[in-house]
1. Could you run through region 125-158 and say how many residues are closer than 30 Å to Glu79 by Cα and surrounded by 13 or more Cβ atoms within 10 Å (Cβ to Cβ)?
2. On the basis of being open to solvent by 80 Å² or more (accessible area, probe 1.4 Å), of a type in the set (A, V, I, L, M, F, W, C) and in contact with an Asp or Glu (Cβ under 6 Å, 6 or more places away or on another chain), does Ile191 make the cut?
3. Under 9 Å between Cβ atoms, at least 6 apart or on separate chains: pull out the pairs that start in region 173-190 with a residue that is touching a residue at least 40 places away in the same chain (Cβ under 8 Å) and end on any residue that is aromatic (Phe, Trp, Tyr) and open to solvent by less than 20 Å² (accessible area, probe 1.4 Å).
4. Filter region 72-93 down to the residues that are in contact with a strand residue (DSSP E or B) (Cβ under 7 Å, 6 or more places away or on another chain), open to solvent by less than 60 Å² (accessible area, probe 1.4 Å), part of a loop (DSSP other than H, G, I, E, B) and not acidic (Asp, Glu) and list them by number.
5. May I ask you to list pairs of residues, at least six apart or on different chains, whose Cβ atoms are under 7 Å apart, with the first in region 74-86 being under 14 Å from Asn173 (Cα atoms) and the second being of a type in the set (A, V, I, L, M) and open to solvent by 50 Å² or more (accessible area, probe 1.4 Å)?
6. Could you grab me the full set of residues in region 136-168 that are part of a loop (DSSP other than H, G, I, E, B), within 22 Å of Asn104 (Cα to Cα) and not hydrophobic (A, V, I, L, M, F, W, C)?
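The values are calculated or read from the model by the stated rules, or taken from the named source; none is laboratory data. All values derive from a computational prediction rather than experimental measurement. Backbone-built Cβ (ideal geometry, glycine too); neighbour counts: all protein chains shown. All accessible areas refer to the heavy atoms of the entire protein, side chains included, with ligands and DNA or RNA removed. Shrake-Rupley method; radii C 1.70, N 1.55, O 1.52, S 1.80 Å.
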Amino acid sequence: MPRIICAILIVLMATGCATRKPASLNTPDHQIEETIYRYQYAMTSPIQQTSMEYRDENLFCRLLPQELVIGLDIINLQEETITIDWNQVRMIDPEGNAHPIVQNMVILRDMHRTRIPTTIMPQGVLNETVAPSDYAYLGFTGWQQRPIFPKTEDALNLKGAKVGVYLPVKIQNRVTNYLFEIVVTNVTKGIMIR
């Protein structure tokens with residue numbers, strides 16, 4: 001009799017443990033809903049098109065708008081070097097104001113110092129991001145940046161807004177001024193469930 005009771009207890013303990021899921025497989029009892037905003041863009045200058053790419057005899061440039069910065073992928077198509085003086089580059093905000101820029105690799109506390117021009121070799125590629133330097137500020141937790149394309153309810157007000165990058169490019173002794181301007185064609189609000 002004691003063997004039967006002992007066997008029953010062992011079977012109950014073994015089956016009780018086997019039905020419990022390991023902690024790593026437990027799923028949360030609640031889901032998190034997050035509001036997201038998706039932007040659609042089109043280029044309006046130097047040419048009007050839905051693509052965010054421009055090409056001429058001097059260079060190829062792709063614009064990559066993000067929340068805090070605009071990415072620039074630039075390829076030198078010349079047989080000569082081209083130079084970009086970042087002290088002359090400007091971001092144009094939706095109100096039409098021109099702002100000095102800060103680059104991706106610049107420490108924000110050093111953003112007001114004179115920047116060294118970048119030389120791109122023939123067929124060379126430059127990947128850079130730019131943002132208005134006066135969108136950066138010292139907050140309670142350190143340096144912060146005001147967004148160009150916010151991920152808040154303010155995004156819905158940007159439909160039709162134009163933002164630009166003024167980029168003077170020096171080829172030999174000649175400077176060609178580019179204005180890469182993009183317009184927000186649409187902003188949609190959605191819900192992401194995590």
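1. Going through region 125-158 one residue at a time, the tally reaches 5.
2. So Ile191 passes the test.
3. Note: pairs meeting the criteria are Val184/Phe149; Val187/Tyr37; Val187/Phe149; Thr188/Tyr37; Lys189/Tyr37; Gly190/Tyr37.
4. Residues satisfying the conditions are Leu77, Gln78, Thr81, Trp86, Val89.
5. Thr81/Met121
6. Correct list: Thr141, Arg146, Pro147, Pro150, Lys151.
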